[in-house]
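S.K.: Below you'll find the structure I mean.
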Amino acid sequence: MTLPHIPQQQMAHPECRLQAAIFDMDGVITQTASIHAAAWKVTFDEILRQHATPGADVRLFDDHADYYAYVDGKPRIEGVRAFVRARGIALSAAEEEQAAERKDQRFIRIVHERGVKTFPSTVALVGALRAMAVKTAVVTSSRHGRELLQSAGIAALFDASLDGIDLDAQQLAGKPDPDMFLRAAAMLGSTPADSMVVEDAVAGVEAGRRGNFGLVIGVDRGGNAAALQDAGADVVVRDLAELDVASLQAAFQARRGALGWRIEAEGYDPDRERQMESLFTVGNGYMGVRAALDSPPPGSQCDLFIAGVYDRKRADLPYSEIEFFTPSGRADPYSELVPLPFPFRVTVSVDGMFLDFHGDGANGKKLRRVLDLHDGVLHASAVHQAPGSLRTAVRTRRCASLADPHLLLQEVVVAPDDHAHDVALAATLDEPELTTRHPHLRRLARTVEGDLETVRYVTRASRICICLVSRVVRAGNVLRRLVSVFTSRDDDDPAAAALAHSTSLDPGNIDALFAAHSAKWAQFWERADIRIAADTAAEQALRFGSYHLRLPLGADEHVSIGARTLSGRAYEGHVFWDTEIFMLPFYLHTEPLQARKLLLYRYHTLPGARRRARDMGCAGACFAWESTVTGADVTPTKIVLKSSGKEIPIFTGSQQIHVTADIAYAVWRYWETTGDEAFLAGPGADILFDTARFWHSRVSRDSHRCHIRGVVGPDEYHYAVDDNAYTNWMARFNLERAAWLARQSGTHLAEADEWSGVAQSLYIPQPDERGVLEQFDGFFALDEHPLPREERFKAPVSRLYDWQQINRLKILKQADVLMLPLLFPESFSDEAVAANYRYYEPITDHGSSLSPAVHAAIAARIGLRDDAERYWKQSLWLDLSNAMDNSMLGVHPAAMGGAWQALVFGFLGMRFSDAGPQPRPDAQQRLPFGWKGIALNIAYRGRIHAVTVGCGVEQ
Ligand code: BGC
């Protein structure tokens, strides 16, 4: 299985020009495929007759279909094995060897009789490529490769050649393994990304794809085009006369450009399937659907999530985190995001045989998934090859419409490639394992009437009604489905709403519905896309992040973004400071109205935050550390390890109160960035005033200062600490801004004086002799803990096992003091930032996905380019590389937002003035290595500003 492009391998060549071309021989250069096929036919027909049941008809070797399906392009023994196995015949190793030998002798005999002919168009193209300084190689599994080239008189046309003898001598794997092509590219001094493969065999095209070659050309000498395309050929021609050097360069560049808009995964691996389901999630803010296959295999977490549909936590059911349970300790009816049944389920069968990835896994099956980021559509194409040679391709596409929040679209096309057997194709919303897989739901009804299927559920504690109506049309082997989704959160009668919605649409018109959806995505990309010269891989990863940051944005002001969006079950859909501090800047500068909506969510939770403050014995409002729809705090009070049953207390719910100031900070930044006075005077003021009241009542006073005691700062390894630098700094900011706003508006003047008074006397640590701010009172006196490299970048559960011990050590889970220069860049000199980076960076283990991006931003600011790039890549590719080994539970939007901030505020050093956004003057010299330039749009105060640094990118 190939993971989605792991970008380090994909670094674009600055010249972006095809450097090398690698040709298969038989059927591409030489007209020897028919000779091979004839030699195989005699050999296999003998075997088939020997093994035939007496009296029965013998189905002989088809020198076209069987040749291309089983033997073409493969080393000969593998060809023998593949074909006889498909016919249910078992040969010993010696018999296989003999068969291969007999075929070989026949082949040589026919070659001697007839001579070797070449394809003149191929020879001409090779010559033209060489004339344009493109290096050329020939690769063949045939043991007679060199001999044949010599006798055809074309050996000198190639800079390198590899044949079946080299394959054995160098122990290279045969096609579809990419080994031979990779070796040939290396012999030509080129990278796969800069080279093309030209092949007529399905196995060869697949090898080119698996090797991540920059372009793969399929040559279809008759009836094989669909199979070559399914195997991943970028271009399929009947003869190379259809191509010239200019069209090849154009196709190469188009693919290079398109690559930046696509995430691809080749193959099926049950162990990685849940990760794929997270990465390829589709969504539109109203809902998100994990990317399970259309016929989900066992073990799949094929969830549909609807924003705001929460229910009471089911602590007894082990379906969220991997290593622990999270009993809530509270009976909050809105404490867990509800996983709903999969809405895209279809079953496909040919002659009663199901085409899926159950049971024998990937045997005889191929799978390729492509997430088209530009259009917001997930494509999958599978090829199922049953024993006895039935070859059926299944291609699907799906999306959650951005043009219509209640609509899911799906299309399934079944293409029987070499048979005309019956295809059965069915779509259902039925969920047989409702009670175990979806314990929050009670099914109220399921009805099927004609092409309409309706299911209705109600959540058990929160009593939310959900209705899904699926409408299916089938034309031949094409199935089209529209699913309408409504809940009692958006309509008093969700069933009637879903039905009316469904019947107002025409499934036959699905292309137009897909197009309307993609048009919305295109509008988003106009604001959000970032172009980089010349690093396609970074562009691709940034787009992947922006795609996932776009997914959870909807119209509902009463929901916000969970720590894993709508892409997985981790953190049960809870909203953290991640949204305001890590993601919001991206929205402020690309989707400011959505940023406003996210702040309105907090505004609507003020009643819950006020209750929480009261419960803590305080005034004002204290926002929930983990929040859902009511503002109540739903942080678990403990976790219980599945392995040992050990209980670990969680202090963040009661002590991580900095979130309250983080939200006030976000309100302020929103106003600064948009100039939205009405918001500041209305909901913004309510948030700022009530949060200031909280801090005013929460501080403790000694004879000359105010302190904030008993907190957890961003670094969650330390609990019950006093005067956490980050918390105090943020609280001071909150108090000062609230006082300013009160005076501006001439309201709450007496309180404003009190808030200013507390802000002035609040303890803020001063730099020590090294210039370092102490993270909290007593941090410098903790025990040293040298941090081995291998202990970094791990999910933090193992650390929490020894939570009391960790509390005494100088080790950080994530950026804490270093958050301050990110949020207040102008309050710190470069020297002060460097001093704190030097102190804290070596003792931080990055147990949180939030941490690397902050380090990248800070390192970039102080000119530590190696560190900056290392940390940036870590966060940019966090999910694509599954760096924390937990992407199967959902993607990490805070890391994505953090990577965006590190680029914009760190590498580019963007600051804002009345003239708009300004990158730092030396930004070009600070770009990541190999980048010539970058272009992006930044929304600021009602305008979209085009920002370009360096060259090679167009706005
Ligand atoms: C981090 C928090 C973060 C939460 C959700 C935790 O591991 O320490 O800072 O808010 O994950 O992403």
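S.K.: Among the trypsin sites (Lys or Arg not before Pro) within the range 753-793, which fall in a DSSP loop and have no more than 11 other Cβ atoms within 10 Å of their own Cβ? Show your work: numbers first, answer last.
M.R.: On the way: sites: Arg770, Arg789, Arg792; in loops: Arg770, Arg792.
Listed in order of number, the matching sites are Arg770.
S.K.: To test your reading of the geometry: what angle, between 0 and 90 degrees and rounded to tens, separates the Cα axis of helix 33-50 from the longest principal axis of the chain?
M.R.: The two axes meet at around 80 degrees.
S.K.: Bin all alpha-carbon pair distances of the range 662-778 at 10 Å intervals from 0 and give each bin's fraction as a whole percent.
M.R.: 14, 41, 31, 13, 1
S.K.: In percent, how large is the relative contact order of the range 838-955, given Cα pairs closer than 8 Å and 6 or more residues apart?
M.R.: The value is 19 percent.
S.K.: Hey, another quick one. Once you have a ≥ b ≥ c as the square roots of the Cα gyration tensor eigenvalues for the range 529-950, tell me rounded if a/c is under 1.5, and otherwise prolate or oblate according to whether a/b is larger than b/c.
M.R.: Rounded.
S.K.: With a Cα-only, solvent-free Debye model of the range 146-230, what are the log10 I(q)/I(0) values at q = 0.16 Å⁻¹?
M.R.: Values, matching the q order: -0.67.
S.K.: Once you have the Cα-Cα distance between Asp239 and Ala519, take 0.36 nm times their residue separation minus that, and quote the gain in nm to one decimal.
M.R.: Stretched out fully, the Asp239 to Ala519 stretch lengthens by 97.2 nm.
S.K.: Sticking with this structure for a sec: So if I take the alpha carbon set of the range 13-147, get Rg, then get Rh from the Kirkwood formula, what is the Rg over Rh ratio?
M.R.: Using Cα coordinates only, the ratio equals 1.09.
S.K.: Of all the C-alpha pairs in the range 801-848, what % are more than 12 Å from each other?
M.R.: 66
S.K.: Along the three principal axes, how long is the range 84-203 when you take its alpha carbons, biggest first, rounded to the nearest angstrom?
M.R.: 49, 35, 25
S.K.: Could you give the distance between the Cα centres of the range 393-458 and the range 849-885, to the whole Å?
M.R.: Going from one Cα centre to the other spans 40 Å.
S.K.: Relative to 2.2 N^0.38 Å, what does the C-alpha radius of gyration of the range 20-260 come to as a ratio? Two decimals please.
M.R.: Ratio of Rg to 2.2 N^0.38 Å for the range 20-260: 1.01.
S.K.: Determine one quarter of the surface area of the Cα convex hull of the range 397-471, which equals its mean projected area, and express it in nm² to one decimal.
M.R.: Mean projected area for the range 397-471: 7.4 nm², to one decimal.
S.K.: Right, here's the next one. With an 8 Å Cα cut-off and a minimum separation of 6 or more residues, compute the relative contact order for the range 451-537 in percent.
M.R.: Value for the range 451-537: 21 percent.
S.K.: OK, next. Once the whole set of protein chains is in place, how much accessible area is left on Asp753, using a 1.4 Å probe, in Å² to the nearest 10?
M.R.: 100
S.K.: Given a Förster radius of 51 Å and the C-beta distance between Ala331 and Trp740 as r, what FRET efficiency does 1/(1 + (r/R0)^6) yield to the nearest 0.05?
M.R.: Values: r = 41 Å, r/R0 = 0.81.
Efficiency computed from Cβ-Cβ geometry: 0.80.
S.K.: Still on this structure: Counting only helical runs of four or more DSSP H residues, what would the 222 nm mean residue ellipticity of the chain come to if each run contributes -39,500 (n - 2.57) and the total is spread over all its residues?
M.R.: On the way: 31 runs with 331 residues, N = 955.
Roughly -10500 deg cm²/dmol at 222 nm, from the helical runs in the chain.
S.K.: Please work out, to two decimal places, the log10 of the ratio I(q)/I(0) at q = 0.18, 0.23, 0.25 Å⁻¹ from a Debye calculation in which every Cα of the range 33-89 carries one identical scatterer.
M.R.: Each listed q corresponds, in turn, to -0.55, -0.87, -1.01.
S.K.: Could you tell me what fraction of 2.2 N^0.38 Å the Cα radius of gyration of the range 612-705 comes to, as a two-decimal ratio?
M.R.: The range 612-705 yields a ratio of 1.35.
S.K.: Give the ranking of Lys365, Lys642 by solvent-accessible surface, highest area first, calculated with a 1.4 Å probe.
M.R.: Order by accessible area, largest first: Lys642, Lys365.
S.K.: Given q = 0.26 Å⁻¹, what are the Debye log10 I(q)/I(0) values for the range 858-942, with equal point scatterers placed on the Cα positions and solvent ignored?
M.R.: -1.27
S.K.: Per the Kirkwood treatment, what hydrodynamic radius in Å, one decimal, follows for the chain from the mean inverse distance over all distinct Cα pairs?
M.R.: Values: mean 1/r = 0.0327 Å⁻¹.
In the chain this quantity evaluates to 30.5 Å.
S.K.: Right, something else. For the chain, what does the relative contact order come out to in percent, with C-alpha contacts under 8 Å and a separation of six or more?
M.R.: 10
S.K.: Here's something else I'd like to know. Could you state the accessible area per residue of the range 529-950 in Å², with a 1.4 Å probe and every protein chain left in place?
M.R.: With the other protein chains kept in place, the range 529-950 gives 33 Å² per residue.
S.K.: First check a/c for the range 685-725, with a ≥ b ≥ c the square roots of the eigenvalues of its C-alpha gyration tensor; if it is under 1.5, answer rounded, and if not, answer prolate when a/b is larger than b/c or oblate otherwise.
M.R.: It comes out oblate by the Cα gyration axes.
S.K.: Can I ask one more? Please sort by residue number the trypsin sites (Lys or Arg not before Pro) in the range 201-257 whose DSSP state is loop and whose Cβ has at most 13 other Cβ atoms within 10 Å. The partial results should precede the final answer.
M.R.: Values: sites: Arg209, Arg210, Arg221, Arg238, Arg255, Arg256; in loops: Arg221, Arg238.
Here the sparse-neighbourhood loop sites are Arg238.
S.K.: Where the eigenvalues come from the Cα gyration tensor of the range 746-904, what are the semi-axes √(5λ) of the equivalent ellipsoid, largest first, in whole Å? Numbers along the way, then the final one.
M.R.: Working: eigenvalues 167, 83, 64 Å².
Rounded to whole Å, the semi-axes are 29, 20, 18.
S.K.: OK, next. Measure nothing but the geometry: give the 0 to 90° angle between the long axis through the Cα atoms of 536-550 and the longest principal axis through the Cα atoms of the chain, rounded to 10°.
M.R.: 50
S.K.: I would also like to ask the following. Give me the net charge of Asp535's neighbourhood, meaning all other residues with Cβ under 13 Å from the Cβ of Asp535; Lys, Arg count +1, Asp, Glu -1.
M.R.: +3
S.K.: Now for a different question. Tell me the angle of helix 725-745 to the major Cα principal axis of the chain, expressed in degrees between 0 and 90 and rounded to the nearest ten.
M.R.: It is inclined by approximately 60 degrees.
S.K.: Per residue, how much space in cubic angstrom lies within the convex hull of the C-alpha atoms of the range 553-633?
M.R.: Here the figure is 86 Å³ per residue.
S.K.: How much accessible surface does Met888 have with a 1.4 Å probe, in Å² rounded to 10?
M.R.: Roughly 40 Å² of Met888 is accessible to a 1.4 Å probe.
S.K.: Something else now. So what's the range 487-616 giving for Cα Rg divided by 2.2 N^0.38 Å, two decimals?
M.R.: So the range 487-616 has a normalised radius of gyration of 1.31.
The values are calculated or read from the model by the stated rules, or taken from the named source; none is laboratory data. The structure presented is a predicted model; accordingly, all values stated were derived computationally and were not measured. Neighbour counts are summed over all protein chains in view; Cβ atoms, including those assigned to glycine, are modelled from backbone coordinates with ideal geometry. Ligands, DNA and RNA are stripped out before the accessible areas are found, and what is left, the full protein with its side chains, is counted by its heavy atoms. Shrake-Rupley method; radii C 1.70, N 1.55, O 1.52, S 1.80 Å.
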